[in-house]
Amino acid sequence: RLTKELCTSLMQGLSFFEGVLPTLEATSSLMYEAEKEESTIKGIDALYPTLHPLEIVEGSFFTQRSLKAGLPICLLNKQAKVKLFGDKLAVGRCIWLHNTAVHVIGVVEIMGN
């Protein structure tokens, strides 16, 4: 099982790695008012943009502090943002992921493939 501790150990012991980033991925529904979007949900950490280039088009990215606090926050990709909010701002709004209210802190565009 790949844990955060194992990833840290790999980074320290194997200098040829650019980075080690565990992620969790699942498909789920996102809801805002009457809008619903099936989306791939990724659990990531603050190192994600160092290995996967992305552009913040609205709001901000996660901070180590917000991740450590376990706040119910998320980033949306542009496609999900448009589906749920149209041309309205998404940052600061609350969406539903399963039965959990999650606050949108940013909208990203993934660069490359």
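Can you tell me the dipole magnitude for the chain around its Cα centre, using point charges on the Cβ only (Lys, Arg +1; Asp, Glu -1), in Debye to the nearest 20? Intermediate values should be presented prior to the final figure.
Values: 11 positive and 12 negative charges, 54 e Å.
Here the chain has a charge dipole of around 260 debye.
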* **Helix-only mean residue ellipticity at 222 nm for the chain, each DSSP H run of n ≥ 4 adding -39500 (n - 2.57), per residue, nearest 500** => -6000 deg cm²/dmol
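Grab the beta carbon distance between residue 5 and residue 26, set R0 = 22 Å, and tell me the FRET efficiency rounded to 0.05.
Details: r = 23 Å, r/R0 = 1.03.
Between residue 5 and residue 26 the formula returns 0.45.
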* **Options (1) -0.49, -0.67, -0.90, -0.96; (2) -0.39, -0.62, -0.97, -1.06; (3) -0.34, -0.55, -0.93, -1.03 - which one matches log10 I(q)/I(0) by the Debye sum over Cα atoms at q = 0.11, 0.14, 0.18, 0.19 Å⁻¹ as calculated here** => (2)
* **Cross-link table 68/88; 42/68; 4/78; 42/78; 36/78; 4/36, entries beyond 23 Å C-alpha to C-alpha** => 68/88; 4/78; 4/36
* Structure fact -> If amide H atoms are modeled at 1.01 Å from N in the peptide plane, then the residues at a separation of 5 or more from residue 77, or on another chain, having amide H under 5 Å from its own are 108
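Here, each number is a calculation from the coordinates, and none is a lab measurement. What you are looking at is a predicted structure, and each value in this text was computed from that prediction instead of being measured. Note that each Cβ is placed from the backbone with ideal geometry, even for glycine, and that neighbours are counted across all protein chains shown.
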